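Below is one structure; the comments refer to it alone.
The values are calculated or read from the model by the stated rules, or taken from the named source; none is laboratory data. Here the structure is a predicted model, which is why all the values come from computation and not from measurement. Note that we place each Cβ from the backbone using ideal geometry, even for glycine, and neighbour counts take in every protein chain shown.
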Amino acid sequence: MAKKRVAVLISGRGSNMASLIEAAKEHTYPAEIAVVVSNQPDAPGLARAQAQAIPTALVDHRPHGKDRAGFERTLQAVLDAHGVELVCLGGFMRLLTPQFVLHWQGRMLNIHPSLLPSFPGLDPHGQALKAGVKISGATVHFVVPETDAGPIIAQAAVPVRDDDSAETLAARVLEVEHRIYPLALRLVAEGRVKILGGRCLVEGAHPAQGALLVPEAERRQAGTGGRE
Ligand code: GAR
C-alpha cells in the first residue's frame, strides 16, 4: 500500500515532529513526512526538519493579521502542492477556523500533553499539579473545532510525583508523547481507526495492545522496577 503523505504543522521546537520523521524512516511505516510547515519563521523545528532533508514551508500568520481564513488559504495551497493526505499538529499554536478543521475532519491529528478530556488548553502540567492528580500523560486525538477535544486515538500515562514541577512533569510526559504520536499516526495511516459516535475504535487490536501506553507498568513487567 502507498505510504500516506503527511504534513506536520509546528510553531516551535518540533520534538514531536522529529519523532514522526524518525518513525517514518522505517521502510514498513505506512506514512511519509511530505512537508513540515511552520507559522513561525524562527521555529527551531524548521532547521531540524531541513537537517533531515524534509521539505519545509513557512506560512507566516502575521501578514494575514486577523484574517484567519486568508492564512488558511495559503496553508491549504502548501498542503495541496505537497499532495498531503493527513495533517499532524505538533505544538502548532494557531487556532484553526471550523471551516478548515471540518475540511480535514478525520484526517487531522493533534497531540496534547494531558489525559484529555482533563486539562485542555494552556499550561496542562500546571493544571494537573494544581488538581493533584496522581497520573497524567498525553493524548493523540482527531482535531475538531473545539480546542484539545475530539475522538481519542491513543493515550499514554505517566505518574505524577509529589516533588514534580511543571517542568519535570512536562519532561516525563514528552518522553511518552514521542512514542505515542508515531503509534497513533501508524494506526490512522493503516486505516485501522474508525470513528463511531465520537469515539475511535482501533481495528484488530485491544486498546491495551494498540493505543495505550503505560511505561511504568512495562518497566515492572520487564522486572526493571519503577521508582515506588
Ligand atoms: C508538546 O508537548 C505538545 O504536546 C504541546 O506542545 C508541545 C510541543 O512540543 N501541544 C499542546 O499543548 C497543544 N495544545 P514540540 O514542539 O517539541 O513537539
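Please pick out the residue among Val87, Val160 that is in contact (Cβ under 8 Å) with a residue 12 or more places away in the chain and over 24 Å from Ala18 (Cα atoms).
Val160
Among residues of the range 9-24 being more than 9 Å from the ligand (Cβ to nearest atom) and within 19 Å of Val176 (Cα to Cα), the one that is surrounded by the most Cβ atoms within 10 Å (Cβ to Cβ) is Leu20.
Exactly one residue among Leu96, Leu79 is modelled with pLDDT of 95 or more and either more than 16 Å from the ligand (Cβ to nearest atom) or in a helix (DSSP H, G or I) (or both), and that residue is Leu79.
Do you know which residues across the range 100-159 are in a loop (DSSP other than H, G, I, E, B) and closer than 19 Å to Arg192 by Cα?
Trp104, Gln105, Gly106, Arg107, Val143, Gly150, Pro151
For the range 25-44, a tally of residues being among the hydroxyl-bearing types (Ser, Thr, Tyr) and more than 11 Å from the ligand (Cβ to nearest atom) returns 2. Candidates are the residues of the range 109-122 that are in contact (Cβ under 8 Å) with a residue 24 or more places away in the chain and more than 9 Å from the ligand (Cβ to nearest atom); the one that is nearest to Val158 (Cα to Cα) is Leu115.
The set of residues in the range 146-171 that are of a type in the set (S, T, N, Q) and under 16 Å from the mean Cα position of the chain (by Cα) comprises Thr147, Gln155.
Name every residue in the range 89-132 that is small (Gly, Ala, Ser) and crowded, with 18+ Cβ neighbours inside 10 Å, in order of residue number. Before you say what the answer is, go through the steps one by one.
First, pick out the residues of the range 89-132 that are small (Gly, Ala, Ser): 90-91, 106, 114, 118, 121, 126, 128, 131-132.
Once the filter is applied, which keeps residues that are small (Gly, Ala, Ser) and crowded, with 18+ Cβ neighbours inside 10 Å, the range 89-132 yields Gly90, Gly91, Ser114, Ala128.
With the structure loaded, tell me whether Pro151 is in contact with a strand residue (DSSP E or B) (Cβ under 7 Å, 6 or more places away or on another chain) and within 19 Å of Leu86 (Cα to Cα) or whether it fails that test. Can you show your working first?
On the way: in contact with a strand residue (DSSP E or B) (Cβ under 7 Å, 6 or more places away or on another chain): yes; within 19 Å of Leu86 (Cα to Cα): yes.
Criteria met by Pro151.
Checked against (1) out of contact with any helix residue (DSSP H, G or I) (no Cβ under 9 Å at 6 or more places or on another chain); (2) among the β-branched types (Val, Ile, Thr); (3) touching a residue at least 60 places away in the same chain (Cβ under 8 Å), Val8 passes all but condition (1).
Candidates in the range 45-76 are the residues that are more than 16 Å from the ligand (Cβ to nearest atom) and of a type in the set (Lys, Arg); of these, the one that is modelled with the highest pLDDT is Arg73.
Residues that are closer than 23 Å to Ala184 by Cβ and either at pLDDT below 95 or away from the ligand (no atom under 12 Å from the Cβ) (or both) within the range 157-172 comprise Ala157, Val158, Pro159, Val160, listed in sequence order.
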